[in-house]
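Visitor: The following block contains the structure, expressed as structure tokens.
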């Protein structure tokens, strides 16, 4: 059976999602806990979005293939449904900065990575002294100058759509930097913190943090409103684009199509990825 695992984590003390030798990662920590709970020598999960070091997640999604008998046996004497018992047991093993919100049986055709149609991130900035809160400093960037969100929204609008984001990505040889940016906008939450909402079919390395860095330059008046669009049109990394700190970024949600479309979406995305990597 394929299990869908919804989880959340504070990325501060993790070296990103992807497992790395001798480093504390979200994947490595989660896989160790799952293997212990399921009484297996090892397990391997597939994730929707591989977050960088220091990036947080509220709505991360992963999947795991496992024999149904193993899941049933792992429940032991618990009277809870096996998957509820598994989620509770895994949470009892995990450290406090990584939580499993739910474990469910995935629909036919579900793939946490390839079935996803979009990922939504939020970047949070405290740009005035009266909204700086030391209690949330681990996931909100403190910025020393007030930001003009109207200007940032005007600068964001031309970046939305199917475009080449090479100017905002740390490129990998042979990999495309073309992405469909579905939403990019700025607002203030009830506390007054500036929040940048970013949604796309997928993201390349450092893309969100570089976009935010360019828009901050507009928001504080160092660059004109049309500058980020001009940078993107250049299709190469621009030395003027600052990649902002990771701790202000949180993966909020991953979107999937209706159950009957999961397999089709996964095949489409997998074929596109193979063409890119091949």
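The values are calculated or read from the model by the stated rules, or taken from the named source; none is laboratory data. Remember, it's a predicted structure, so these values are computed and weren't measured experimentally. FYI the Cβ positions are ideal-geometry reconstructions off the backbone, even for glycines, and counts take in every protein chain you see.
Visitor: Inside segment 91-112, can you point out the residues that are part of a loop (DSSP other than H, G, I, E, B) and in contact with a helix residue (DSSP H, G or I) (Cβ under 8 Å, 6 or more places away or on another chain)? Quick ask: steps written out before the conclusion?
Guide: Going through segment 91-112, the residues part of a loop (DSSP other than H, G, I, E, B) turn out to be 94-97, 106-112.
Of everything in segment 91-112, those that are part of a loop (DSSP other than H, G, I, E, B) and in contact with a helix residue (DSSP H, G or I) (Cβ under 8 Å, 6 or more places away or on another chain) turn out to be 94, 95, 97, 107, 108, 109, 110, 111.
Visitor: Only one of 57, 53 is under 30 Å from residue 201 (Cβ atoms) and in a strand (DSSP E or B); which?
Guide: On the way: 53 fails: in a strand (DSSP E or B).
Testing whether each residue is under 30 Å from residue 201 (Cβ atoms) and in a strand (DSSP E or B) leaves just 57.
Visitor: Is there a residue being assigned to a loop (DSSP other than H, G, I, E, B) and surrounded by fewer than 17 Cβ atoms within 10 Å (Cβ to Cβ) anywhere in segment 3-14?
Guide: Going through segment 3-14, the residues assigned to a loop (DSSP other than H, G, I, E, B) turn out to be 10, 14.
Of the ones still in play, those that are also surrounded by fewer than 17 Cβ atoms within 10 Å (Cβ to Cβ) are none.
No.
Visitor: What's the number of the condition residue 157 fails, among (1) within 14 Å of residue 215 (Cα to Cα); (2) free of Cβ contacts under 8 Å to residues at least 40 places away in the same chain; (3) touching a helix residue (DSSP H, G or I) at 6+ places or on another chain (Cβ under 7 Å)?
Guide: Result: residue 157 fails condition (3) only.
Visitor: Let me ask something additional. Given the conditions (1) closer than 19 Å to residue 54 by Cβ; (2) buried (at least 20 other Cβ atoms within 10 Å of the Cβ), and given that residue 231 satisfies all but one, which numbered condition is not satisfied?
Guide: (1)
Visitor: Next up: For residue 32, are the conditions met, namely being surrounded by fewer than 18 Cβ atoms within 10 Å (Cβ to Cβ) and not in a loop (DSSP other than H, G, I, E, B)? Steps first, please.
Guide: On the way: surrounded by fewer than 18 Cβ atoms within 10 Å (Cβ to Cβ): yes; not in a loop (DSSP other than H, G, I, E, B): yes.
Yes: the conditions hold for residue 32.
Visitor: A follow-up question, please. Any residue at all in segment 62-69 that is modelled with pLDDT of 95 or more, part of a loop (DSSP other than H, G, I, E, B), in contact with a helix residue (DSSP H, G or I) (Cβ under 8 Å, 6 or more places away or on another chain) and surrounded by fewer than 16 Cβ atoms within 10 Å (Cβ to Cβ)?
Guide: No, segment 62-69 contains no residue that is modelled with pLDDT of 95 or more, part of a loop (DSSP other than H, G, I, E, B), in contact with a helix residue (DSSP H, G or I) (Cβ under 8 Å, 6 or more places away or on another chain) and surrounded by fewer than 16 Cβ atoms within 10 Å (Cβ to Cβ).
Visitor: Please go through segment 87-112 and pick out each residue that is closer than 17 Å to residue 25 by Cβ and outside the structural domain of residue 24 (by TED's automatic domain parsing).
Guide: The first filter runs over segment 87-112 and keeps only residues closer than 17 Å to residue 25 by Cβ, leaving 90, 93-100, 112.
Hit for segment 87-112 is 112, nothing else.
Visitor: While we're here: For segment 165-210, how many residues meet the condition of being in contact with a strand residue (DSSP E or B) (Cβ under 7 Å, 6 or more places away or on another chain), farther than 20 Å from residue 115 by Cα and either at pLDDT 95 or above or surrounded by fewer than 16 Cβ atoms within 10 Å (Cβ to Cβ) (or both)?
Guide: Looking only at that region, the number is 13.
Visitor: I'd like the residue in segment 139-153 that is farther than 15 Å from residue 244 by Cβ and touching a helix residue (DSSP H, G or I) at 6+ places or on another chain (Cβ under 6 Å) and, out of all such residues, is surrounded by the fewest Cβ atoms within 10 Å (Cβ to Cβ). Step through it out loud before you land on a result.
Guide: Within segment 139-153, the first condition is being farther than 15 Å from residue 244 by Cβ, and the residues that meet it are 146, 148-151, 153.
If we keep only those that are touching a helix residue (DSSP H, G or I) at 6+ places or on another chain (Cβ under 6 Å) too, we end up with 148, 151.
Details: 148: 16, 151: 18.
Of everything passing the filter in segment 139-153, 148 is surrounded by the fewest Cβ atoms within 10 Å (Cβ to Cβ).
Visitor: For segment 113-136: of the residues being more than 26 Å from residue 28 (Cα to Cα) and in a loop (DSSP other than H, G, I, E, B), which is farthest from the chain's Cα centre (by Cα)?
Guide: Selected residue: 128.
Visitor: Out of segment 234-259, which residues are in contact (Cβ under 8 Å) with a residue 60 or more places away in the chain and more than 25 Å from residue 12 (Cα to Cα)?
Guide: Correct list: 234, 235, 236, 237, 238, 256, 257, 259.
Visitor: Can you tell me which residue among 59, 49, 54 is in contact (Cβ under 8 Å) with a residue 12 or more places away in the chain, touching a helix residue (DSSP H, G or I) at 6+ places or on another chain (Cβ under 6 Å) and under 24 Å from residue 12 (Cα atoms)?
Guide: Working: 59 fails: touching a helix residue (DSSP H, G or I) at 6+ places or on another chain (Cβ under 6 Å); 49 fails: touching a helix residue (DSSP H, G or I) at 6+ places or on another chain (Cβ under 6 Å).
Of the residues listed, the single one that is in contact (Cβ under 8 Å) with a residue 12 or more places away in the chain, touching a helix residue (DSSP H, G or I) at 6+ places or on another chain (Cβ under 6 Å) and under 24 Å from residue 12 (Cα atoms) is 54.
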